Amino acid sequence: EAGVTQSPTHLIKTRGQQATLRCSPISGHTSVYWYQQALGLGLQFLLWYDEGEERNRGNFPPRFSGRQFPNYSSELNVNALELEDSALYLCASSLSVRGRGYTFGSGTRLTVV
Amino acid sequence: RKEVEQDPGPFNVPEGATVAFNCTYSNSASQSFFWYRQDCRKEPKLLMSVYSSGNEDGRFTAQLNRASQYISLLIRDSKLSDSATYLCVVTTGTASKLTFGTGTRLQVTL
């Protein structure tokens, strides 16, 4: 069974540009979660999508947005990039069943210069 | 106050030692609890769920104390390969969003 896949693995952008990160969940998983992990910091919750809808949002500015497609894959967009957006962005998927953990993808490392 | 708090460590222990990590959570309505393991520059991986009755998986034992709102992880007979950051994770409310602690770093040495 294929795991959660994320692309690209690495992304370098200039301040002010936009970044698009992609995630494909495990087959059969309908929920996708996005987390940001800045260097030396813990995982910060960004967004949760389920069945194509945004279900919950973390404490991030509106320039962080995303969507979930009918095939349950997801995209995270970050507009007007700032230097502090440099981080590992992790996507995870689950069956939306309480009590189940997530499976994470290997992440996209975004560097803003 | 952070929702999930952990001692960042590092815990430096010799191979074969027993080591324990604790984690506290602030929301008494938290419902599900997990320990994840994260290797350097890798994604977190689910180590084990934590149940009220306590549960064991090989050398790993997890405990939950709802009254005191803390979770523990015990690792017996530590191996070099156990060196990693251990993340305490809880879910609260109807959302299945996981809230992560900042992690406790373990370094097992020869």
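Values quoted throughout were computed directly from the atomic coordinates according to the rules given, and no laboratory measurement underlies them. None of these values were measured; they are calculated from a predicted model. For neighbour counting, all protein chains shown are included, and Cβ atoms are generated from backbone atoms with ideal geometry for every residue, glycine included.
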Hey, can you grab everything whose amide H is under 5 Å from the amide H of residue A:95? Only 5+ residues off in sequence or another chain; H modelled, so Pro and N-termini drop out. none
Length gained, residue A:84-residue A:111, 0.36 nm per residue minus C-alpha separation, equals 8.8 nm
Reported to two decimal places, what Rg/Rh ratio describes the protein assembly as shown when computed on Cα atoms with Rh from the Kirkwood expression? 0.98
What order do you get for A:20, B:61 when you list them from fewest to most C-beta neighbours inside 10 Å? A:20, B:61
Give me Rg/Rg_expected for chain B, where Rg uses Cα atoms only and Rg_expected = 2.2 N^0.38 Å with N residues. 1.02
When only DSSP loop residues count, what trypsin sites (Lys or Arg not before Pro) in the stretch B:1-67 have their Cβ near at most 15 other Cβ atoms within 10 Å? B:1, B:2, B:41, B:42, B:59, B:66
Just to confirm my understanding: which cysteines in the protein assembly as shown have no other cysteine beta carbon less than 4.7 Å from their beta carbon? B:40
Neighbour-limited loop hits for chymotrypsin sites (Phe, Trp or Tyr not before Pro), the stretch B:7-110 (at most 16 other Cβ within 10 Å; DSSP other than H, G, I, E, B): B:51
Between residue B:83 and residues 5 or more places away or on another chain, which pairs have amide H atoms under 5 Å apart, with H built 1.01 Å from N, and which residues are they? B:108
What number in nm² do you get for the stretch A:19-113 if you take the convex hull of its Cα atoms and divide its surface by four? 5.9
Residue by residue, what Karplus-based ³J(HN,Hα) values in Hz, rounded to whole numbers, does the stretch B:65-72 have, using 6.51, -1.76 and 1.60 with θ = phi - 60° and x for Gly and Pro? 10, 5, 4, 9, 6, 9, 10, 10
If you put +1 on each Lys and Arg Cβ and -1 on each Asp and Glu Cβ, how big is the dipole of chain A around its Cα centre, in Debye rounded to 20? 120
Using the basic label-point model (7 angstrom from Cα toward the beta carbon), what is the residue B:15 to residue B:109 distance in nanometres? 1.4
